[in-house]
1. Please give the per residue accessible area of the chain, computed with a probe of 1.4 Å over protein heavy atoms only, in Å².
2. Multiplying the sequence separation of GLN154 and SER310 by 0.36 nm and subtracting their Cα-Cα distance, what value in nm do you get?
3. Any idea what angle helix 158-171 forms with the longest principal axis of the chain, computed on alpha-carbon atoms, 0 to 90 degrees, nearest 10?
4. Under the √(5λ) rule applied to the eigenvalues of the Cα gyration tensor, what semi-axes describe the equivalent ellipsoid of the stretch 174-236? Give them in Å, descending.
5. Rounded to the nearest Å, what's the spacing between the alpha carbon centres of the stretch 142-209 and the stretch 238-275? Just the number, please.
6. Quick check for the chain: number of Lys pairs with alpha-carbon distance under 25 Å, counting only pairs 8 or more apart or on different chains?
7. Can you give the accessible area of TRP23, probe radius 1.4 Å, in Å² rounded to 10?
8. If you roll a 1.4 angstrom probe over the protein chains with everything in place, what fraction of the accessible area of the chain belongs to carbon and sulfur, to the nearest %?
Amino acid sequence: MGSRPAEVAVGVPALAPERQVTWPKRTGTRLANGLEVILAESHTIPRFHGELLFRSGNAAVADRSIGLAEMTATVLRSGTQKRASRTIEEDLRRIGADLSSHAGSDASTISFSGLSEFAEPLLGLVQELAREASFPEEEFERERRQKLEEVKLQRTQPSFLASERLRKVLFGAHPYARVAPSEAQVAAYRLDDLHTVYRELYTPENALLLLVGDFETQEMQKTIETVFYAWSGKKPEPKTFPAPANPRGRRVYLVHMPGAVQTQILAGCHAITRRHPDWIKLGVTNCLYGGAFNSRLVMNIREDKGYTYSPRSGVTPLRQHGFFSVSAAVRNDVVAASLTEIFYELNKLRSLPVPAAELADAQNYLSGVFSL
């Protein structure tokens, strides 16, 4: 009989040498009408991606109604003075392009992508939507009915109700406190409201056009100037918002959901925004605590104790104020134990130095994700 081959120890393969990341060439200009343009060449595939971003969102119009900028952005895509909704869809399919519009607390955005050879017709459609949206009444009514069903459903979900309560506690009278409209507020939306928001927010002086992809910068710049030169409009008047709430100490707020078989835990506090010099450091700290799948919180209450499937922590950097939050859906009988571990890991991270190897893992993970 032949001899058995010697067993070979199998371990984790060594990492390959770190590769250099080449960032796309970036060029910034401003058109005569005030539109800021940033172009980044990236010749990996024959496509380009873009966003026409307006520096105003739901917070800017919260004095009129909650979620009004979001509804405006939703209906915006439904037609222009030159194209009906069906025509828009056919034109997008013909040139192999995608387009969507949406709004959040601080910005409203038209996002799009397509083949580089069809950049001019796609940008032409984007310009039409920004300048000549028609807001058809039947599309508005359809979207409003859909929104009514959405807000009904939201208020049956523990995660939404917890988020809504946290924002009210953290931000008080500031518009950031309101994350979604009520059914009554959606029912009270009027088409004239959308027209007013559109005229005020969708202007070139309030906008930033970003394009990334397979194009020559000078040629794309000429195309943009040709397409957008006739668009005009001033910045909206600046708004002054009330100061956010200033909660101190650990407080518990309860939202009762009869018959719930588990509890949604959501803890949070004020944090910094992206403008703060410690923003990157805070990202690394959050990654260590609960922002990655191998973070301390996940290893503790998921892997070790089995209290929850997917605990997470994160930092939300709104434009004026940021906030930090920790979330976990747990069985009702381990709520107290889960809270104990959530605060234990926070206190440990605050009190003891992070081992060098653990810190290096977090830095490598974040650097790799950012590079991708």
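1. Working: 21510 Å² over 372 residues.
Roughly 58 Å² per residue, with all protein chains present.
2. Details: separation 156, 0.36 × 156 = 56.16 nm, distance 2.01 nm.
Between GLN154 and SER310, full extension yields 54.2 nm more.
3. Value to nearest ten degrees: 80.
4. Working: eigenvalues 237, 48, 25 Å².
Values for the stretch 174-236, descending: 34, 16, 11 Å.
5. Comparing the Cα centres of the stretch 142-209 and the stretch 238-275, I get a distance of 18 Å.
6. 10
7. 140 Å²
8. Working: 11510 of 21510 Å².
Answer for the chain is 54 percent, counting heavy atoms of protein chains only.
The values are calculated or read from the model by the stated rules, or taken from the named source; none is laboratory data. Keep in mind that this is a model prediction, so the values were computed, not measured. As a convention, Cβ positions derive from the backbone with ideal geometry for all residues, glycine included, and neighbour counts pool all protein chains shown. Accessible surface is based on the protein model in full, side chains and every heavy atom, while ligands, DNA and RNA are left aside. Shrake-Rupley method; radii C 1.70, N 1.55, O 1.52, S 1.80 Å.
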